[in-house]
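Peer 1: Have a look at this one.
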Amino acid sequence: MENFLFSNIKNFRYERKFYVLDLTKDEIEHLLRQHPAAFSEIYYQRFVNNIYFDSFNLRNYYDNVNGESKRLKVRVRWYGDLAGQIDDPILELKFKNNLHIGKLTYPLKGFPLDRDFSIQKMRAIFKESGLPDFIRLQIAELNFSLMNRYRRKYFLSGDGKFRVTVDDNLSVYDMFPFGNSFKNEIRNHFAVIVELKYNNPHEENADFITGYFPFRLTRNSKYVAGLQRLNI
């Protein structure tokens, strides 16, 4: 099934991630604006919210921890407020094949995120949103694993070939099959996560971009770090 899912992705890209503790967000943004690649801010700053799903034995988590070459993350993403009526949510299946990243994305029906929210209601939303059968089969037995939230800014190089996101104000929440109060919030006030994203033809120039970064490439997954902070 996973090989079939991989085959449905039309475009893969590269991602390089940097977990930064010794520079502030403002210092990183200043560095990007002074970069020879002429990064400038695009879009607008916003909060990103995700509910992640995994199997009973946390297969996706352990595939990541163990460094499997092919791995999968399943999440529902939306922007703006954390709770209340969630409009325009998106189901994302994010694949990593060695250094290549690809996504399958599907719009979902809106839903209220409140104390009565449960995995049964989420599955009903999946059913009512017209997802392809092969996607519904892939996610049918998955359960909530966590919810996270962070503030994101977007930057684009002058030639339009490289995009950088800068994330801070990271929070993670427990998620249960039912009875979610979202009160068990764990915050990370210190880390800033920088991600460089680009398409395959530009891989040979990526070292030029990162060569001006005063921080090191890291293995970093917000999903893995979130579960570890929740003491799985």
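Peer 1: Which number in (1) exposed (fewer than 15 other Cβ atoms within 10 Å of the Cβ); (2) under 17 Å from the mean Cα position of the chain (by Cα) marks the one condition that Gly102 misses?
Peer 2: Going through the list (1) exposed (fewer than 15 other Cβ atoms within 10 Å of the Cβ); (2) under 17 Å from the mean Cα position of the chain (by Cα), Gly102 breaks only (1).
Peer 1: Can you confirm whether segment 197-211 contains a residue that is crowded, with 16+ Cβ neighbours inside 10 Å, assigned to a loop (DSSP other than H, G, I, E, B) and at negative phi?
Peer 2: Checked against the condition, which is being crowded, with 16+ Cβ neighbours inside 10 Å, assigned to a loop (DSSP other than H, G, I, E, B) and at negative phi, segment 197-211 yields no hits at all.
Peer 1: Starting from segment 166-178, keep only residues that are within 28 Å of Leu156 (Cβ to Cβ), then list their pairs with residues that are in a loop (DSSP other than H, G, I, E, B) and of a type in the set (Ser, Thr, Tyr) whose Cβ atoms are within a distance under 9 Å, requiring at least 6 positions of separation or different chains.
Peer 2: Going by the 9 Å Cβ cut-off, the qualifying pairs are Asp168/Thr24.
Peer 1: Looking at segment 93-115 only, could you name the residues that are free of Cβ contacts under 8 Å to residues at least 40 places away in the same chain and either closer than 21 Å to Phe56 by Cβ or of a type outside the set (A, V, I, L, M) (or both)?
Peer 2: The answer is Lys94, Lys96, Asn98, Thr105, Tyr106, Pro107, Lys109, Gly110, Phe111, Pro112, Asp114.
Peer 1: Determine whether Val65 is within 18 Å of the chain's Cα centre (by Cα) and under 30 Å from Asp207 (Cβ atoms).
Peer 2: Numbers: within 18 Å of the chain's Cα centre (by Cα): yes; under 30 Å from Asp207 (Cβ atoms): yes.
In short, yes.
Peer 1: Same structure again: Being surrounded by 14 or more Cβ atoms within 10 Å (Cβ to Cβ) and either outside any strand (DSSP E or B) or at pLDDT below 95 (or both) is the filter here; which residues of segment 147-165 pass it? Write out each step before concluding.
Peer 2: Residues of segment 147-165 that are surrounded by 14 or more Cβ atoms within 10 Å (Cβ to Cβ), as a first pass: 147-157, 161-165.
Selection gives Ser157, Lys161.
Peer 1: May I ask you to say which residue of Asp114, Asp168, Asp174 is at pLDDT below 95 and within 23 Å of Ser221 (Cβ to Cβ)? Explain how you work it out, then say what you get.
Peer 2: Numbers: Asp114 fails: within 23 Å of Ser221 (Cβ to Cβ); Asp168 fails: at pLDDT below 95.
None of the other options fit; the residue is Asp174.
Peer 1: Here's another thing I want to ask about it. Restricting the search to segment 8-31, which residues are more than 26 Å from Asn148 (Cα to Cα) and either modelled with pLDDT of 95 or more or among the aromatic types (Phe, Trp, Tyr) (or both)?
Peer 2: Within segment 8-31, His30, Leu31 meet the criteria.
Peer 1: Could you tell me whether any residue of segment 72-83 is more than 25 Å from Ser181 (Cβ to Cβ) and surrounded by fewer than 14 Cβ atoms within 10 Å (Cβ to Cβ)?
Peer 2: no
The values are calculated or read from the model by the stated rules, or taken from the named source; none is laboratory data. Remember, it's a predicted structure, so these values are computed and weren't measured experimentally. Note that each Cβ is placed from the backbone with ideal geometry, even for glycine, and that neighbours are counted across all protein chains shown.
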